[in-house]
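I have placed the structure first, in the form of structure tokens, so that the comments after it can refer back to it.
The values are calculated or read from the model by the stated rules, or taken from the named source; none is laboratory data. Since this is a predicted model, take the numbers as computed values, not measurements. Note: ideal-geometry Cβ built from the backbone for every residue, glycine included; neighbour counts use all protein chains shown.
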2 protein chains.
Amino acid sequence: MKSIRTLVLLVLFSGTGAVAQRSKKPNIIVFLVDDMGWQDSSVPFWTKVTEFNKRYHTPNMERLAREGMKFTNAYAAPVCSPSRISLMTGMSAARHKVTNWTLYKDASVDVADSLLRPPMWNVNGISPVPGINNTAYVTPLPALLKDAGYYTIHCGKAHYAAMSTPAADPLTIGFDLNIAGHAAGGPGSYLGEENYGNEKDKPKVPWGVPGLQEYHGTSVFLTEALTVEGLKALEKPISDKKPFFLYMSHYAVHVPYAADKRFIQKYKDAGLPEKEAQYASIVEGMDKSLGDIMNYLKEKNIDKNTIIIFMSDNGGFSQSPRAGKPHTQNLPLKAGKGSVYEGGIREPMLVKWPGVTKPGSSTDRYLIIEDFFPAILEMAGAKNYKTVQKVDGISFVDLIKNKKQSPDTRPLVWHFPNKWIAQDVAGINYRSAIRQGDWKLIYNLKTGSKELYNLKNDIGEQNDLSVKYAEKTSEMAVLLAEKLKSYDAQMPVYKKTGKPVPMPDQSF
Amino acid sequence: MKSIRTLVLLVLFSGTGAVAQRSKKPNIIVFLVDDMGWQDSSVPFWTKVTEFNKRYHTPNMERLAREGMKFTNAYAAPVCSPSRISLMTGMSAARHKVTNWTLYKDASVDVADSLLRPPMWNVNGISPVPGINNTAYVTPLPALLKDAGYYTIHCGKAHYAAMSTPAADPLTIGFDLNIAGHAAGGPGSYLGEENYGNEKDKPKVPWGVPGLQEYHGTSVFLTEALTVEGLKALEKPISDKKPFFLYMSHYAVHVPYAADKRFIQKYKDAGLPEKEAQYASIVEGMDKSLGDIMNYLKEKNIDKNTIIIFMSDNGGFSQSPRAGKPHTQNLPLKAGKGSVYEGGIREPMLVKWPGVTKPGSSTDRYLIIEDFFPAILEMAGAKNYKTVQKVDGISFVDLIKNKKQSPDTRPLVWHFPNKWIAQDVAGINYRSAIRQGDWKLIYNLKTGSKELYNLKNDIGEQNDLSVKYAEKTSEMAVLLAEKLKSYDAQMPVYKKTGKPVPMPDQSF
């Protein structure tokens, strides 16, 4: 009996060794930018090169686009927490119910409205343990990657859960290392001179960026400090010969804007107003970080085994302190952050997967942020993983490999039963939307009105076709209602009666 | 081997039989009245007989008091859902977080406030299964009683959970039978002539009382219909010789008031205003139900093995449509339903446990509604039961048996981080409170102010001692903060900043 056991062990070990040889796990870097718009780059994501593409200088994004694949129809949620949590869980925001941004425990950041109030959404974000009020209890992406053998690094903005809940600390959701991440979703300041928003000798809650004390009082811009620390963190897995997952989650290009002195002069010289010049300098500083990472990978000779995924979490910020007419900062797209119009949800996305993505290629097939979860796990070779949550996302690996040739017919859904800003303008606040093929329906949860657009020849959502194509409108409304119900989506409620707003297929 | 097994089985069976002989499980009836005040009875619960004791006629409560034990310091939460859920779970309302009343899924019934908004409380009530948003996931009392061998009957108002969630149906929380219970916490109408608030041929959502169709169109008052049906339901366990748990949960004496024609005339003759006469008639109709049940038990010869616990779920309603000056309906107690003053939380409670309670006895020891859960399970002989929730309540069986002789030092806590009505008056809305011994501290969550009373000689909470006994005030504030934190209590939040209101031991 002993000899049989020895034989079995031998077979098992040699088998494992062989598998490891055959499929060396790729390193994976998710380079996630905050609040970056679809046009905030010198890489054109539209069919035309716009004035914005000429304004911004992102040479390293251009390089990534040359070496990898461009996605022109990549979507996220209209604000940050819903997107980030979809990425980390694979769930539609309508299902995970972290539909607005999180910060304080048990407290909704929704602005007061005269008619509606938000549903009891998951204001506390996600939780890796059950039983915590108003959290989505989930098996998070980093934990699964860790299980799959990855060394997992969080660097930058976390924003997974409210203060004083477990997932406020990235280490609780499966990260081996946390650099500068906590509950808050924005930086107190980008400036080392301002200690990134902290007091000189103690952290300032909630906005002071945690950690990074050695940069306090220096002139190092936050983006640079995170890049240096993020790359330092790669030394360990490289020397351990372990695959790594680097979630490079920049605080850039979120408010509060400040000049990245390394880059601002040329934007001033170009005549941009002060705040716009600052914004462009933050964009370029973020782009430098991407370049530094690409250079580092090459230097360490691991670039051929490292996947880089570039993405933003929602549309570009389109209100004050941005200069110019509000909600024009993402043209040709309508509106910006907070909106279910394209300006609020369409993102600049690039993927370089050496040996898989065709250099300089592009796809106009659509995908949405919850698709990152299964895609990254597929890239990592994780199979048969178990999640406590239902995963809505669909891996885009087939899309990368150009295996999907049929037209897009899958419905994509956005659901924002919340009030983000005081004014109900530009498709912001209390909206749901659905895209199927080139058709897109917007449902105003406050008025009951529906708008129908055909994005093929109206990317700017200027021609409402809901009356002209009434049948299509009602077909899309029924589909949206079905999807929302399947997600157990929450509706805002009438303050007066406490009754929920009707589904889009019900009369108002 | 076979013979040993037989022997073991024989021993086991004879053992079980012996135990069953020794401790025949008592039947348990919880007779829960809705919105009944401490003085709405001809049984005096205070040291003096009041005008209210003279106004109301409750001869069957008098009989129950003669045959059982009176509790003069029994407490509930200031509104119904928190109390009912504490009873069903053993949890403090601060812990289960169903802090206001429930109805629609995902929707808070809180009234809008200029300064604060409520925390993300459990608007969906309790749930016997995990993973349902904004519910307290719990092992409910009826399920445990069922496990302990009881036939469990729900009769009347349920109000355990929001519409379209599992526990809206009492059968999901361990009841074998449900008579007229659903999500709503009030009756559409008391009148058979009005089909208890339903349309003639179909239920009217949300307030129409479900079931009871055979009484539609008759002149049977709701209280009577529930009594008849509740007693009918006892036939099965009696004939099956199974112990029963009857949760006799009257919709009475909740609004909307109507005349119980069997009793109203004498109150009119006494000169009461119309609404007050109606109210008194509903109280007497409820009292008749108690008498009918007591008679039935005697008739069936099970009265000596049946425990009756009489209780109300919060203080008497003290606003329009009640007549008279608002918030004087519970004098000598201050305020009424919704308030953390005594008028909102002190309840008429009677217990008859044949052979255990001393007939005609009384105790002024205090207890609170979450204590019902462990007490009832102790009465039922349930031991080593498991609950997914942490139980805060302490059984009052020792208190019944007069085993507790030391003075009360246990802190009792109330927490209402919600806004029930539009006006912040009479201790209603955004309050916490704590009682220890005769001291009681009230914490105003909106203004930060604290009041201190000594109930021994100031049951009406008229003399605020917070300045005179500043040290006691701050000691009680620290104790309240400790308790609230131990319950993981939710605080309301400032609309402007999203920050939670400080704990009572923090500066405002």
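Below are the figures for this structure:
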| read-out | value |
| --- | --- |
| The range B:485-508 - residue that is out of contact with any helix residue (DSSP H, G or I) (no Cβ under 7 Å at 6 or more places or on another chain) and of a type in the set (S, T, Y) and, of those, surrounded by the fewest Cβ atoms within 10 Å (Cβ to Cβ) | B:S507 |
| Residue list for the range B:79-98, restricted to those being away from every other protein chain (no Cβ under 11 Å) and farther than 21 Å from B:P170 by Cβ | B:S92, B:A94 |
| Output for the range B:417-441, where each listed residue is β-branched (V, I, T) and either within 15 Å of B:L115 (Cα to Cα) or touching a Ser or Thr at 6+ places or on another chain (Cβ under 8 Å) (or both) | B:I421, B:I428 |
| Residue within the range B:42-65 that is touching a Ser or Thr at 6+ places or on another chain (Cβ under 6 Å), away from every other protein chain (no Cβ under 14 Å) and closer than 18 Å to B:H182 by Cα present | no |
| Looking only at the range B:460-484, and only at residues there that are surrounded by 13 or more Cβ atoms within 10 Å (Cβ to Cβ) and basic (K, R), the one that is farthest from the other protein chains (Cβ to nearest Cβ) | B:K472 |
| Options B:P206, B:P142; residue that is closer than 23 Å to B:I238 by Cβ and touching a residue at least 60 places away in the same chain (Cβ under 8 Å) | B:P142 |
| Criterion: surrounded by 21 or more Cβ atoms within 10 Å (Cβ to Cβ) and within 14 Å of chain A (Cβ to nearest Cβ) - qualifying residue of B:A184, B:A158 | B:A184 |
| Residue ID - nearest to B:S281 (Cα to Cα), chosen from residues in the range B:215-246 that are touching a helix residue (DSSP H, G or I) at 6+ places or on another chain (Cβ under 9 Å) and among the β-branched types (V, I, T) | B:T223 |
| Matching entry among B:Y453, B:Y487, B:Y494 (being in contact with a Lys or Arg (Cβ under 6 Å, 6 or more places away or on another chain) and either of a type in the set (S, T, N, Q) or within 14 Å of another protein chain (Cβ to nearest Cβ) (or both)) | B:Y487 |
| Counted residues, the range B:497-508 - those being in contact (Cβ under 8 Å) with a residue 60 or more places away in the chain and either part of a loop (DSSP other than H, G, I, E, B) or more than 10 Å from chain A (Cβ to nearest Cβ) (or both) | 3 |
| Count of the range B:128-150 residues which are over 19 Å from B:A76 (Cα atoms) and outside any loop (DSSP other than H, G, I, E, B) | 7 |
| Residues of the range A:169-203 satisfying the condition of being part of a helix (DSSP H, G or I) and closer than 19 Å to A:K146 by Cα | A:P170, A:L171, A:T172, A:I173 |
| Residue check for B:A426: of a type outside the set (F, W, Y) and closer than 21 Å to B:T328 by Cα | yes |
| Residues (within 8 Å of chain A (Cβ to nearest Cβ) and on the phi < 0 side of the Ramachandran plot) located in the range B:99-120 | B:L103, B:Y104, B:K105, B:A107, B:S108, B:V109, B:A112, B:R117, B:P119, B:M120 |
| Residues satisfying the stated conditions in the range B:121-147, i.e. more than 14 Å from every other protein chain (Cβ to nearest Cβ) and either closer than 22 Å to B:I293 by Cβ or crowded, with 24+ Cβ neighbours inside 10 Å (or both) | B:P140, B:L141, B:P142, B:L145, B:K146 |
| From B:A158, B:A136, B:A225, residue being in contact with a Phe, Trp or Tyr (Cβ under 8 Å, 6 or more places away or on another chain) and hydrophobic (A, V, I, L, M, F, W, C) | B:A225 |
| Residue among B:T172, B:T227 that is polar (S, T, N, Q), closer than 30 Å to B:V138 by Cβ, surrounded by 24 or more Cβ atoms within 10 Å (Cβ to Cβ) and at pLDDT 95 or above | B:T227 |
